Amino acid sequence: MAKTKSAKPRKGAVKPAQKGFLARAFGWIFRTVFRVIWWVGIRATLVGAIGLALWVGYYYVALPPMEQQLDGRAGGSVVLLDRDREIFAWRGEQFDGSLRAGTVSPHLKNAVVATEDKRFYSHFGISPRGIASAIRINLREGRGPLSGHGGSTLTQQVAKLLCLGEDLPEAECRQQTILRKIKEIPYSVAMELKYEKDDILSIYLNRAYLGAGAQGFEAAAQRYFGKSAREVNVSEAAMLAGLLTAPSRYAPTRNLQRAQDRSTVVLGLMQAQGYLTRIEAELALASPATLSQAAQERAGGYFADWIMTDAPSFLTRDTGEDVEILTTFDRGIQKAAEDALTYIFENKVREGSKAQAAIVVMSADGAVRAIVGGRQINGAGQFNRATQALRQPGSSFKPFVYGAALESGMHPFDIVVDEPITIDVPGSGPWSPQNYSREYFGRLRLVDAMANSLNTVAVRLTEEVGRNKVRAMAVDFGITSPLADGPALALGVSEATLLEMTGAYAGILNGGRQALPYGWLDLRLRGEDQVLMSLDRTNGFRVLDERAAGYLVYMMSQVVEVGSGARAALGDRPVAGKTGTTQGARDAWFIGFTADYVAGVWMGYDDNSKLTGVTGGGLPAEIWRETMTRVHEGLPVRPLPLIDPNSEPPRIVSEIDSLVEDVSNNLLESLINSLFGPPRR
């Protein structure tokens, strides 16, 4: 057998001994580094675990009992009751801490879990998979890793609602920083250890904000559906759970269709996760949730806003308690006023008009029953034109002029003169007011001058009885806004609110006694019978004597029967009132009353531009008539508290006195002319 020759190593080849050495060297280095990393890592992990455990333990000890975590409001709430003691408005942060996960409607519990955290009952407070998924989605959509989707579990959301146990402003609690996200982890784990799953869910159900001032699902269910969260059906549960994404945007009181569309998504999630069968989901989709009558009407918003500013602030705007306020509000009268305004603008005003209008209705004693603060057009907002807007009342101010004249002893049938008049106003020069029609009627009765709203007569009367008396008459009847000093006072150039003016007219109906507007009767803590505070009301003092008040009501009735307010007539129901149109037609008013109610109507533009073809005897009188027709439906016809001069004995003596005065003046003028010649012109 031939011997084989061993192969010679190629030039440059590595020798076996050398290769083994390098491999062993690299292997040793790798093993050493790995051992160091492992040694450091295991100890760092151990230290981190101990630190996390201590951090969790700190939060665990600091967490109070679950019952103390339910109410997360910064302030109290206010519920307003109408005259029938039914809730018509809510203000502040509504809350009812009686709700628990074990007693809530199963549909609502399932809807919340399906929408917010489908693994709620299986995780330990955090979901790494959910966080990673949320970061991936945020980055894919071009946002920062923590912007947009948060991947938070329900437990983490509760941690945020509790502000991680820190006493910080709400804005800081909501910050999505990396540090706060890290803090959520031990806090959430501590809650999972401290509380049962249903306890955590109970906190969430009570603290989550659900729009329209509703804090928690019980308050929201009462606010939107007029029922407890224990009783909501599938559709209502889906709508409530849908609010969690964006409470203000999806609030059904803001946009019912949008809220229903969102609830459709929630119903899909509930079906996909097995909480609903296909048939149950289809039935819920076929019968979407709708608002309760009170929420649907949203009646009394302007009235409620006025009460919140009129009642004591420490029990309304600044309250830390849950307060209940009994008011004078009448839901039926409010609807009548709103419907009347809508009817006139839909049928008598050109389409697209930006004109505004306001209505106030009250009883003779000043109890306000309804307030319409304006039309909701182009985001007009909640500016209350009935209580906040100061506008010139124009000729609707004249009842104070005629009231002062009657109080001074004049009679509705006294003769006055309608002719041009010029008054020298210090600092301004001569002032010559004109009638609206630019016509003058010479000698006529006082009642006829008022019925036709003659400016020169009103100015002349004011100068005769004294501006101070006219001003005092208006103030005593309740006009608190500053009044003009000059002769133009008679023509209503001073500004006032519709509420002030309507309240002043209520005093005229009230037999000449002051009747200041009021809207609340008593306040108490919710759930308690004891009244904390009642409105301190006394009978208004007498402004006009009974004779003058009766005559003034008669004269104002003639404004509607034969004068400028004819469009406000209510058939066989007696009406008294006064029109008002300011110079330049920037404001138009009609304020009047029956034996039962007083109502005031203002119309104009928010930017104070001119009305076109509108006077107080036109559209405002028609709005008034439509309002009062609805308000008085079913009420018996009652007479006004007036004194009719026609039913009194003839005023022969007064007529003779007037004739003698005229003859004496003529004789005196003739005598002077004969002695000294006619006066120079």
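Out of the stretch 219-271, which residues are assigned to a helix (DSSP H, G or I) and of a type in the set (D, E, K, R)? If the condition is that a residue be assigned to a helix (DSSP H, G or I) and of a type in the set (D, E, K, R), then Arg223, Glu236, Arg249, Arg258, Asp261, Arg262 are the ones that fit. Pairing each residue of the stretch 102-128 that is under 18 Å from Glu192 (Cα atoms) with any residue that is of a type in the set (Asp, Glu), provided the two are 6+ apart or on different chains, yields C-beta distances under 6 Å for Gly102/Asp198; Phe124/Glu192; Gly125/Glu192. In a residue-by-residue description of the stretch 439-461, the property of being on the phi > 0 side of the Ramachandran plot, in contact (Cβ under 8 Å) with a residue 12 or more places away in the chain and outside any loop (DSSP other than H, G, I, E, B) applies to at least one position. For the stretch 598-614, the candidate set comprises residues that are under 24 Å from the mean Cα position of the chain (by Cα) and surrounded by fewer than 24 Cβ atoms within 10 Å (Cβ to Cβ); within that set, the residue that is nearest to Ala568 (Cα to Cα) is Tyr605.
Among the residues here, Asp424 qualifies as of a type in the set (D, E, K, R), more than 26 Å from Leu640 (Cα to Cα) and either assigned to a strand (DSSP E or B) or at pLDDT 95 or above (or both).
Filter the stretch 251-264 down to the residues that are closer than 17 Å to Leu108 by Cα and among the hydroxyl-bearing types (Ser, Thr, Tyr), then identify the one that is surrounded by the fewest Cβ atoms within 10 Å (Cβ to Cβ). So the residue we want is Thr264. Number of residues in the stretch 346-366 that are under 29 Å from Ala595 (Cβ atoms) and either touching a helix residue (DSSP H, G or I) at 6+ places or on another chain (Cβ under 9 Å) or of a type in the set (Asp, Glu) (or both): the value is 11. Might you check whether a residue that is of a type in the set (A, V, I, L, M, F, W, C) and not in a strand (DSSP E or B) occurs anywhere in the stretch 597-607? Checked against the condition, which is being of a type in the set (A, V, I, L, M, F, W, C) and not in a strand (DSSP E or B), the stretch 597-607 yields no hits at all.
Do you know which residues across the stretch 543-560 are assigned to a helix (DSSP H, G or I), of a type outside the set (Gly, Ala, Ser) and surrounded by 14 or more Cβ atoms within 10 Å (Cβ to Cβ)?
Arg547, Tyr551, Leu552, Val553, Tyr554, Met555, Met556, Gln558, Val559, Val560
Residues to consider are Gly580, Gly540, Gly527; find the one that is of a type in the set (Gly, Ala, Ser), touching a Gly at 6+ places or on another chain (Cβ under 8 Å), in a loop (DSSP other than H, G, I, E, B) and over 15 Å from Leu640 (Cβ atoms). Criteria check complete, one pass: Gly540.
The values are calculated or read from the model by the stated rules, or taken from the named source; none is laboratory data. Note that the structure is a prediction, hence the values are computed from the model and not measured. Here the Cβ is made from the backbone with ideal geometry for all residues, glycine too, and neighbour counts use every protein chain on show.
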